[in-house]
1. How many of the residues in the range 45-69 are in a loop (DSSP other than H, G, I, E, B) and touching a Lys or Arg at 6+ places or on another chain (Cβ under 7 Å)?
2. Being under 16 Å from residue 67 (Cβ atoms) and of a type outside the set (Val, Ile, Thr) is the filter; apply it to the range 36-57 and report the residue that is nearest to the chain's Cα centre (by Cα).
3. Count, please, the residues in the range 1-44 that happen to be within 19 Å of residue 59 (Cα to Cα), small (Gly, Ala, Ser) and in a loop (DSSP other than H, G, I, E, B).
Amino acid sequence: MLRGGVPGVQLFIESTTDNTIAFAFSDGDGNFTAPVVAGGWKVNISDFSLTQIGYLRPQNKVRFDTAAGDVAAPSSKRDSQAMAFSR
């Protein structure tokens, strides 16, 4: 199990309050930046981009709340564990 970011993965970031969607790709360190407004968001990882590099998608979608500003890490240990990838 990998406990870090995976580079080159496509992410779909979906609002938890309306139909807004943002797209992002993880960088060389597995980090990503997405242009979102304040509110709740969930991250869905592209199955295709993960399977191309030999990983399976996590079962849980990680949720972020940007109401207070930028988010630099998952908001809880549970969210951090949900982002762990299996190879």
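1. Of the residues in that region, 3 qualify.
2. So the residue we want is 42.
3. Looking only at that region, the number is 4.
Yes/no per residue for (1) buried (at least 16 other Cβ atoms within 10 Å of the Cβ); (2) touching an Asp or Glu at 6+ places or on another chain (Cβ under 8 Å); (3) at pLDDT 85 or above:
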site	(1), (2), (3)
3	no, no, no
8	no, no, yes
27	no, no, yes
49	yes, no, yes
69	no, no, no
79	yes, no, no
82	yes, no, no
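The values are calculated or read from the model by the stated rules, or taken from the named source; none is laboratory data. Only a predicted model underlies this, so the values are computations on that prediction, with no experimental measurement involved. Note that we place each Cβ from the backbone using ideal geometry, even for glycine, and neighbour counts take in every protein chain shown.
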